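These notes are about the structure you will find just below.
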Amino acid sequence: MSPDQFSEPKQIQMQPDFYIANIPIFGRLILAPMDGLSDPSFRWITRKLGSAYSISEFINTLDYTVQRHYQGNRLRFRQAERPFGFQLLDNDPARMAAVAASMEADFHPDFFDINMGCSTHRVLTRGAGAGLMRSPELVGKCFRAVKAAVSVPVTGKMRLGIDENSLNYREVAEIAVENGCAAMALHSRTAKMSYSGEVRWEPIAELKRLLPIPVIGNGDLVTTEKARAMLDQTSCDAVMIGRVSKINPWIFSWRNREDVSPAEVWQLASYQLTEMIRTYPEGAAIFAFRKFFKAYLGPYGIGGQAMRQLLTIREETDFWTAFEALFQGLSVDTKAPNPWFDESA
Ligand SMILES: Cc1cc2nc3c(=O)[nH]c(=O)nc-3n(C[C@H](O)[C@H](O)[C@H](O)COP(=O)(O)O)c2cc1C
């Protein structure tokens, strides 16, 4: 067991790195909200590794009003995950405000976040997510309404604009701040670029110079060196890390994946699967875990046949047996004590 596998207990660090309104934030790396990935189990793992705070997967407030029961797992968080915020996705200020008020009364999150970055066709055409950026005035109304409905800070996550002809991130960020936004994350691409093409760092630096609130940079930070460079070169307060965290959650401890041993991968992965089985509806955990174990095993060049076999197993006991055998094949002592199960760690 490696004593420095987990980040320092947060209480030891006396000075916060920055504040979101009155919330002290310790750390400059944050797990980006990701639908289908940043579930309670994964968020908790990244928090133990050092991610500074937690944001839920987006909560579609339109759905929330009619089918809240389907969103069970999206609404769960551990007390130890605080600061924790729910991310709202919608384009109707009154509905967002009503849902936020109800969520605050029921779940007591530390903040809310407004999604202005989702670029999927269905969300964009509805005018939500990045679609909100088409109307800075509506952005202002959303922030004002949600802020007035809750007692906690409201943050935002945005893109550069819809496309190259509408790079209105400055205007959108400024109107959000005028209406109560307490921190702004920028995925520094346009909605049209979706998840590819060059991430521009200058707009992050520009927002940092312009805004009186914390600015969080995001996009393609795949190594600790890149995360450090964005922090240094843009002076942003923190960075959000998305897709690569599935391959390397240790990035939140400032470690690159090549420095992580197969034994550590097994320990984290077996804890994550146990947590997912504990919290997902019967039979759903294995399916949801597939995206992770493929990423975790990626660097080991596990042959197609073994991987295919694992991907088709539905039964939990059979999955565990095959999964454990793979790590034993990597010379991991899978029966050794696992520090992830020590909740005091
Ligand atoms: C599968 C997936 C789901 C995502 N879901 C959300 C979401 O619910 N809310 C949000 O604001 N951004 C979402 N994003 C965007 C990420 O938060 C992040 O901005 C983006 O992936 C860029 O960061 P990266 O290059 O580090 O992945 C999602 C991204 C991915 C890949």
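Figures for the structure shown
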| read-out | value |
| --- | --- |
| Part-to-part distance (alpha-carbon centres) for segment 157-202 and segment 272-299, which is given in Å | 32 Å |
| Over segment 112-172, equivalent-ellipsoid semi-axes from the Cα gyration tensor in Å | 21, 12, 9 |
| Under the Karplus curve 6.51 cos²θ - 1.76 cosθ + 1.60, θ = phi - 60°, whole-Hz ³J(HN,Hα) for segment 81-93, x wherever Gly or Pro sits | 6, 4, x, 10, x, 8, 9, 9, 10, 4, 9, 10, x |
| Unit charges on C-beta of K, R, D, E only; dipole of the chain, Debye | 520 debye |
| Estimated distance in nm for a label pair at S151 and D106, the labels positioned 7 Å out from Cα along Cα-to-Cβ | 1.9 nm |
| Ordering of 305-312, 249-256, 101-108 by burial proxy (mean other Cβ atoms within 10 Å per residue, highest first) | 249-256, 101-108, 305-312 |
| Distance histogram for segment 21-158 (every C-alpha pair counted, 10 angstrom bins, percent rounded to whole numbers) | 12, 45, 35, 7 |
| Residues with amide H under 5 Å from that of R82, placed H, sequence gap 5 or more | none |
| Compactness index (Cα Rg / 2.2 N^0.38 Å), segment 261-341 | 1.02 |
| For segment 10-257: rounded, prolate or oblate by the Cα gyration tensor [a/c cutoff 1.5] | rounded |
| Calculated [θ] (222 nm, deg cm²/dmol) that DSSP helices of n ≥ 4 give over the chain, each run adding -39,500 (n - 2.57) | -12500 deg cm²/dmol |
| Around S38: net Lys/Arg minus Asp/Glu count, Cβ-Cβ under 13 Å | +3 |
| Contact order normalised by residue count of the chain, Cα under 8 Å, 6+ apart, percent | 14 percent |
| Paramagnetic label zone (point 7 Å from Cα along Cα-to-C-beta, Y19; backbone N under 17 Å) in segment 150-191 | 152-155, 180-184 |
| Total lysine pairs whose alpha carbons fall under 27 Å of each other in segment 10-257 (8 or more apart, or interchain) | 22 |
| Other-chain or far-sequence residues with amide H under 5 Å of A183's (modelled H) | G156 |
| Nonlocal amide H pairs with L88, under 5 Å, H built at 1.01 Å | I59, D113, I114, N115 |
| Virtual spin-label span in nm between N165 and R76, 7 Å along Cα→Cβ | 4.7 nm |
| Whole-number D in µm²/s for segment 189-345 (Stokes-Einstein; Kirkwood sum over Cα pairs; 4 °C, 1.567 mPa s) | 72 µm²/s |
| Qualifying aspartates and glutamates (Cα of each under 15 Å from Cα of K291; at least 8 residues distant if same chain) | D35, D39 |
| Dipole of segment 261-341, positive direction: furthest Cα of M307, I286, Q272, with charges on the beta-carbon | M307 |
| DSSP beta bridges in segment 10-257 [antiparallel fraction, %, rounded to 5] | 10 percent |
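Only the coordinates and a few stated rules stand behind these numbers; no lab work does. This is a predicted model, so every value here is computed, not measured. Using ideal geometry, Cβ is built from the backbone for each residue, glycine included, and neighbour counts are taken over all protein chains shown.
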